[in-house]
Amino acid sequence: MGAPVKKSTRNSRRRPHRGRSASPVRSYAAYAKRLAAGAKTIVIEADPENWLDLGHVPSQVEVKIIGQTCAGIAGGSIAAAGRCFVQASNHARVTAYEHAHIEAFDDSTVDARGKSHIVGTDNARIRAEDNAIVFAHSHCHVQANGQALIAATDTTTVRIDGEAHVRVSPSVHTTGPGQPANIETHPISRLARHLNF
């Protein structure tokens, strides 16, 4: 007869690695629960009717919002993709992809990629590339790269690199190798219409 079969002492079921999200969370309560459990990566895909106030996202946690999620962040950093909507304030940092729509306030920072739409105000810092669309006013600082489309007013500063196309009011300060060929000056009343927001 055969030798006895040794039973395995290891659990054969696969468990998610500690700190990894198994599936997207759909509510603030589920987000908070994952944070409390020590998750290092959290993906949020919530109903667009439910506003999520994420507050300050801890620095050791990667948060990505997707789909049509609507959220606010007051500190830390997140990635936003899909057709989500984010309001970033204080010192928050957002990396926007695809068709994400970001409103940046205070001293927040936005890296805009893909076809994301950004509205910046106060002292927001915005780096736009690919086909991102930016409307900046107050004292924003914008770095325009790639095929980005920028409309700026007030005392905004715009650095133009690459082939970005910029429309500005006369008070905007522009710099960079891409100017003045890519700059058009228009009154503010025509800038927002130009972007089709």
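Values in this text are rule-based calculations from the coordinates and carry no lab data. Bear in mind the structure is a predicted one, so any value in this text is a computation, not a measurement. Cβ coordinates were reconstructed from backbone atoms using ideal geometry, including for glycine residues, and neighbour counts include every protein chain displayed.
The figures follow:
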quantity	calculated
Per-bin percent of Cα-Cα distances, the stretch 112-158 [10 Å]	36, 56, 8
The stretch 48-195: C-alpha gyration tensor shape, a/c 1.5 cut-off, then a/b vs b/c	prolate
Sorted by Cβ neighbour density within 10 Å, fewest at the top, the residues THR175, THR153	THR175, THR153
Residues LYS64, LYS33, sorted so that the one with the fewest Cβ neighbours within 10 Å comes first	LYS33, LYS64
In the stretch 33-90, the GluC sites (Glu not before Pro) that fall in loop regions by DSSP, at most 14 other Cβ within 10 Å	GLU49
Residues SER116, SER89, sorted so that the one with the fewest Cβ neighbours within 10 Å comes first	SER89, SER116
Phi to ³J(HN,Hα) by Karplus 6.51 cos²θ - 1.76 cosθ + 1.60 over the stretch 65-72, Hz, x for Gly, Pro	9, 9, x, 10, 4, 10, 8, x
